[in-house]
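Each remark here refers to the structure printed beneath this line.
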Amino acid sequence: MTIKSDSVKTPISLPGTKCFIHHSVSLSNYTSYRVGGTAKWYVEPQSWDDIQAVFEWIEKQQIPFTCLGAGSNLLVSDHGIKGLVLNTRHLKECHIDENNHTVTVGAGYPLPTLAWKAAKKGWQGLDWAVGIPGTIGGAVVMNAGAHQNSMADILINAVVAYGDGSIETLSRKDLQYNYRSSRLQKEQALVLKATLALTPGMEREKMLEITTNNFRMRKSTQPYDKPSCGSVFRNPQPKAAGWLIEQIGLKGYQIGGAQVAHRHANFIINSGNATANDIFTLIHHVQEQVEKKWSILLHPEVKLLGQF
């Protein structure tokens with residue numbers, strides 16, 4: 001039986017779990033942009049049993065679901081998201097295989113935390129990720145990367161769940177990785193965990209130095225002091241998106257509370273009172289101006305959720 005949302009006043013407890021489904025939850029506190037409307041339904045599962053119960057509930061209600069991790073590469077519409085938003089931030093298991101030099105981590109595990117953990121062991125392969133404020137789940141889906149490295153270089157496989165409750169283990173090849181993309185961006189699926197292959201052998205202090213330098217470089221060249229989604233556009237070749245935007249004088253350009261960052265032109269920041277529509281409108285303005293000047297259409301790296 002479908003539940004009428006306007007009749008829900010208290011969270012819905014899922015039988016056999018400690019999991020609750022909440023109604024009308026503002027998503028602005030769950031995205032790095034600090035904007036966005038409400039989720040019609042919202043849940044934070046903490047185990048696979050919870051997820052199974054959530055999927056059973058989704059099946060009964062016949063509603064879609066949307067995955068959310070750190071919310072660092074997302075722009076959520078001011079109109080919110082229909083269906084259920086499933087936040088994986090509590091799925092933080094971490095298993096290190098010392099013999100095979102692999103790590104298996106839950107979808108909600110923070111990417112920078114894992115990068116530092118690897119560096120402290122003298123393992124190479126994740127130092128590029130230290131400045132990316134996302135989770136493993138999002139990194140797998142988006143093929144996150146930096147410094148000419150990406151998830152596609154180190155991923156062994158990812159365990160993925162679908163809305164019908166089925167589970168599949170996908171290899172790097174199965175994921176059909178390309179620059180900042182994978183097949184999961186076109187499917188309604190939830191990354192549960194991923195196994196990554198790292199390279200041992202470097203001295204701990206040297207690996208920490210490399211990772212620290214990567215972190216300092218990102219902090220010094222990117223506006224981490226203001227809410228943003230990270231890089232807004234994919235880099236076309238041979239020029240970077242930030243360079244193309246900067247050359248036409250758009251640094252500092254503002255629509256409402258959304259502004260092209262002075263420090264890095266491929267960042268659009270929330271200057272304090274932006275709406276999702278402000279940011280969305282500025283994204284399109286930048287695209288139009290770059291295409292007019294350079295005959296290049298910039299493709300957004302940020303994922304848009306909801307109705308714009």
Scanning segment 71-103 residue by residue, those in contact with a helix residue (DSSP H, G or I) (Cβ under 8 Å, 6 or more places away or on another chain), of a type outside the set (A, V, I, L, M) and in a loop (DSSP other than H, G, I, E, B) turn out to be 71, 72, 73, 77, 78, 88
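Taking the residues in segment 12-36 that are over 30 Å from residue 260 (Cα atoms) and of a type in the set (Ser, Thr, Tyr) as candidates, determine which candidate is surrounded by the most Cβ atoms within 10 Å (Cβ to Cβ).
Step one: filter segment 12-36 for residues over 30 Å from residue 260 (Cα atoms), giving 12-24.
The next check asks that each one be of a type in the set (Ser, Thr, Tyr); those that pass are 13, 17, 24.
Details: 13: 12, 17: 16, 24: 14.
Restricting to residues being over 30 Å from residue 260 (Cα atoms) and of a type in the set (Ser, Thr, Tyr), the top hit is 17.
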Of 137, 201, the only residue that is in contact (Cβ under 8 Å) with a residue 12 or more places away in the chain and under 16 Å from the mean Cα position of the chain (by Cα) is 137
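In segment 107-125, which residue that is under 18 Å from the mean Cα position of the chain (by Cα) and under 19 Å from residue 224 (Cβ atoms) is surrounded by the most Cβ atoms within 10 Å (Cβ to Cβ)? Break it down into steps so the answer makes sense when it comes.
First, pick out the residues of segment 107-125 that are under 18 Å from the mean Cα position of the chain (by Cα): 107-115.
Now drop any that are not under 19 Å from residue 224 (Cβ atoms), which leaves 110-115.
Details: 110: 20, 111: 25, 112: 18, 113: 16, 114: 21, 115: 21.
Going through the qualifying residues, I end up with 111.
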Within segment 222-245, does at least one residue satisfy the condition of being surrounded by fewer than 17 Cβ atoms within 10 Å (Cβ to Cβ) and not in a loop (DSSP other than H, G, I, E, B)?
yes
In the set 50, 97, the lone residue that is crowded, with 16+ Cβ neighbours inside 10 Å and among the charged types (D, E, K, R) is 50
Flagged in segment 262-279 as buried (at least 21 other Cβ atoms within 10 Å of the Cβ) and under 27 Å from residue 66 (Cβ atoms), in numbering order, are 266, 267, 268, 269, 270, 274, 276, 278, 279
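This table checks each residue for (1) at pLDDT 95 or above; (2) out of contact with any His (no Cβ under 7 Å at 6 or more places or on another chain).
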site: 203; (1), (2): no, yes
site: 228; (1), (2): yes, yes
site: 233; (1), (2): yes, no
site: 238; (1), (2): no, yes
site: 250; (1), (2): yes, yes
site: 264; (1), (2): yes, yes
site: 272; (1), (2): no, yes
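Would you confirm, using the coordinates I've provided, whether residue 149 is in the same structural domain as residue 38 (by TED's automatic domain parsing) and either under 16 Å from residue 211 (Cβ atoms) or in contact with a Cys (Cβ under 7 Å, 6 or more places away or on another chain) (or both)?
On the way: in the same structural domain as residue 38 (by TED's automatic domain parsing): no; either under 16 Å from residue 211 (Cβ atoms) or in contact with a Cys (Cβ under 7 Å, 6 or more places away or on another chain) (or both): yes.
It is false that residue 149 is in the same structural domain as residue 38 (by TED's automatic domain parsing) and either under 16 Å from residue 211 (Cβ atoms) or in contact with a Cys (Cβ under 7 Å, 6 or more places away or on another chain) (or both).
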Scanning segment 265-289 residue by residue, the ones that are part of a helix (DSSP H, G or I) and among the β-branched types (Val, Ile, Thr) total 4
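Can you say whether residue 104 is in contact with a His (Cβ under 6 Å, 6 or more places away or on another chain) and over 26 Å from residue 225 (Cα atoms), as far as the supplied structure shows?
Working: in contact with a His (Cβ under 6 Å, 6 or more places away or on another chain): yes; over 26 Å from residue 225 (Cα atoms): yes.
Against the criterion (in contact with a His (Cβ under 6 Å, 6 or more places away or on another chain) and over 26 Å from residue 225 (Cα atoms)), residue 104 qualifies.
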Note on residue 43: of the conditions (1) at pLDDT 95 or above; (2) surrounded by fewer than 22 Cβ atoms within 10 Å (Cβ to Cβ), unmet is (2)
Of 299, 284, the only residue that is over 24 Å from residue 29 (Cβ atoms) and in contact (Cβ under 8 Å) with a residue 12 or more places away in the chain is 299
For residue 22, the lone unmet condition from (1) part of a loop (DSSP other than H, G, I, E, B); (2) modelled with pLDDT of 95 or more; (3) not aromatic (Phe, Trp, Tyr) is (1)
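Residue 301: of a type in the set (D, E, K, R), crowded, with 16+ Cβ neighbours inside 10 Å and not assigned by TED's automatic domain parsing to the domain that holds residue 38, yes or no?
Values: of a type in the set (D, E, K, R): yes; crowded, with 16+ Cβ neighbours inside 10 Å: yes; not assigned by TED's automatic domain parsing to the domain that holds residue 38: yes.
Yes, satisfied.
The values are calculated or read from the model by the stated rules, or taken from the named source; none is laboratory data. What you are looking at is a predicted structure, and each value in this text was computed from that prediction instead of being measured. When we count neighbours, we look across all protein chains shown, and the Cβ atoms used for this are built from the backbone with ideal geometry, even at glycine.
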